[in-house]
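Just below is one structure, and these are the notes that go with it.
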Amino acid sequence: GDGARVPVLVIGTGYGGSVAALRLAQAGVDVHMIEMGMAWDTPGSDGKIFAHTTSPDGRSYWLRTRTKQPLSNFLGFPIDKDIPRYTGILDAEEMGGIIVYQGRGVGGGSLVNGGMAVTPKRENFGAILPSVNADEMYSTYYPRANAGLGVSTIDPAWFDSVDCYQYSRVGRKHAQRSGFPFVFVPGVYDWDYMKQEAAGTVPKSAVAGEILYGNNYGKKSLQKTYIAKAKATGKVTISPLHKVTTVSPASGGGYTVVIEQLNTSGTTTATKSVTADRVFFAAGSVGTSKLLVKLKATGALPQLNGEIGKGWGDNGNVMCGRANHMWDATGKVQSAIPTGGIDNWAAGGAFAEVAPLPTGIETYASFYLSITKNPNRASFSWNAAAGKAELNWQTAWKQPSIDAAKTIFDKINSKEGTIYRTDLFGTYKIWGDHLTYHPLGGAVLNKATDNYGRLHGHPGLYVIDGSLIPGNTSVNPFVTITALAERNIEKIIATDL
Ligand code: FDA
């Protein structure tokens with residue numbers, strides 16, 4: 001409540017925040033978590049907590065009156081539609097030259113994401129986090145993160161036979177015929193549950209195509225893993241629909257945190273002030289960067305250094321579709337959880353997930369989300385006149401990503417005698433180069449912070465989310481975010497508390 005004093009306040013309930021909360025609580029510390037999004041624990045009038053992918057409603061978007069679907073078109077026709085303005089689960093945040101998709105709610109990105117849980121190859125780690133001891137990461141913290149998240153890999157025999165992964169098998173066949181390695185991508189979906197979905201014996205989530213707006217069953221979001229364990233300690237409380245706006249040094253030591261309580265229309269209904277001995281910024285790359293840039297520029301945290309807001313990247317995300325021949329049908333029923341990727345990182349700088357197009361009809365399309373080695377980095381800065389933090393990314397900066405993805409798909413198209421789909425992102429537009437699902441950086445480890453996430457200049461303030469990672473992880477990022485948080489919190493508990 002207003003005026004309270006807490007030992008630790010965590011801003012955000014995504015991967016970094018959940019790791020911090022669990023490990024601090026296990027060390028005996030009381031933790032209070034602040035989350036701007038909703039709790040996502042109560043069914044709506046249709047009996048489901050989350051809306052379906054193909055019928056978005058107010059639950060689907062963060063304070064929008066119209067959907068902003070990542071695939072904006074189908075057969076060239078726009079598919080966005082009006083919805084009620086509500087504190088929904090997916091934020092399509094328009095940051096100038098890029099739309100950054102993020103999860104909103106208790107569980108952060110784990111609520112909306114594809115659950116692909118990938119540990120980068122050891123040989124690529126030095127380029128991801130150069131100041132971190134890779135031996136420790138691969139011997140201790142990656143295994144700890146994978147265990148905590150409940151990561152496992154699909155049963156390959158089932159993959160080979162089930163209808164809902166026909167799209168992925170077509171993706172594998174085309175990759176292999178062009179000489180690219182196809183790799184199974186581990187995930188946090190409960191594969192046994194998915195088998196029962198496919199068999200028709202339980203309510204369907206992934207097999208019904210649920211993704212982006214939440215999975216009602218089967219996906220092990222943070223609510224079912226780290227956050228459940230954190231709550232079970234009895235030492236963690238969570239305030240949903242509360243948004244942190246300011247952190248500044250308190251006169252008697254510690255930090256004053258100003259928090260706005262929101263209603264489901266996004267209106268502030270109360271403003272509260274809490275004092276915390278320590279504050280963990282875990283609001284995600286964009287959330288943490290925006291807060292820190294504002295707090296530095298407005299003088300609330302004047303000692304933050306010049307690295308704040310820098311080193312932001314999009315993990316090289318770019319999407320595309322290919323039109324297959326009639327003999328390469330990809331299936332009417334497509335599991336929403338991708339389970340395979342095409343690895344051309346070493347030769348072409350691209351790792352392409354074979355992604356579903358869960359439209360419920362046969363599209364003869366193969367769809368891909370590529371993660372590419374894009375060297376461009378943007379920075380956040382404070383626009384005092386507008387009173388907001390801005391990002392200087394430019395759409396043209398996606399060109400290296402397109403070039404990298406083409407090293408895979410130009411070759412496959414030429415081998416198969418096929419073409420790119422031009423109807424998914426507009427009319428005659430091949431590349432989905434307007435968005436990212438994987439924002440990273442803005443408070444980079446060993447630059448804006450020390451080598452464990454302690455912010456320079458203000459003892460007791462920490463960063464523990466994706467903003468620590470300088471723009472690219474070579475694969476999907478949440479396992480690396482979790483493993484780095486596990487490493488950093490262990491050090492912080494041992495030396496700072
Ligand atoms: P994260 O974004 O998870 O959490 C931050 C939390 O802080 C949010 O809940 C937010 O609401 C809250 N917050 C922000 N500002 C606040 C404030 N001022 N006050 C209070 N709360 C605040 N990755 C992957 O590895 N595999 C995958 O398959 C996918 N797929 C995927 C699909 C889609 C559609 C998206 C949007 C993202 C993915 N990702 C993914 C990316 C992955 O989800 C992402 O990298 C992590 O969630 C980032 O974790 P963090 O802990 O950094 O922040």
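For this structure, a couple of remarks:
- Longest DSSP-loop-exposure-free segment, chymotrypsin sites (Phe, Trp or Tyr not before Pro), the chain, at most 14 other Cβ within 10 Å: 1-326
- In this label model, Q399 and Y428 are separated by 2.1 nm, measuring between points 7 Å along each Cα→Cβ vector.
- Only lysines eight or more places from K406 in sequence, or on another chain, were considered; those with a Cα closer than 23 Å are K121, K173, K373, K398, K415, K429.
- Coupling constants for segment 136-143 follow from the phi torsions by the Karplus curve (6.51 cos²θ - 1.76 cosθ + 1.60, θ = phi - 60°), and in residue order they are 4, 4, 7, 8, 10, 7, 5, x Hz; glycine and proline get x.
- Long-range amide H partners of N383 with built H, under 5 Å: K388, A389, E390
- Helical contribution to [θ] at 222 nm, DSSP H n ≥ 4, -39,500 (n - 2.57), averaged over the chain, rounded to 500: -6500 deg cm²/dmol
- Antiparallel bridge percentage (DSSP; both residues within segment 6-91; nearest 5): 45
- The alpha-carbon of K81 sits under 19 angstrom from the alpha-carbons of these aspartates and glutamates, leaving out residues fewer than 8 places away in its chain: D57, D91, E93, E94, E210, D423.
- V10 long-range amide H proximity, modeled H, under 5 Å: H32, M33, I34, F280
- Charged-residue dipole, Cβ positions (Lys, Arg, Asp, Glu), segment 218-270 about Cα centre, Debye nearest 20: 460
- Karplus-derived 3J(HN,Hα), 6.51/-1.76/1.60, for each residue of segment 352-366, Hz, glycine and proline x: 10, 7, 7, 9, x, 10, x, 8, x, 10, 6, 10, 6, 10, 9
- Length released on extending from K48 to A346, taking residue separation times 0.36 nm less the Cα-Cα span: 103.0 nm
- Order of L295, L90 under a 10 Å beta carbon neighbour criterion, fewest first: L295, L90
- A cut-off of 5 Å between modelled amide H atoms, ignoring neighbours fewer than 5 places along the same chain, links M95 with V100.
- Charged-residue dipole, Cβ positions (Lys, Arg, Asp, Glu), the chain about Cα centre, Debye nearest 20: 300
- Net dipole in debye of segment 172-256 [+1 Lys, Arg Cβ; -1 Asp, Glu Cβ; about Cα centre; nearest 20]: 160
A short reminder: the numbers here are calculations on the coordinates, not readings from a lab. What you see is a predicted model; the values in this text were computed from it and never measured. All Cβ positions, glycine included, derive from the backbone under ideal geometry; neighbour counts span all protein chains shown.
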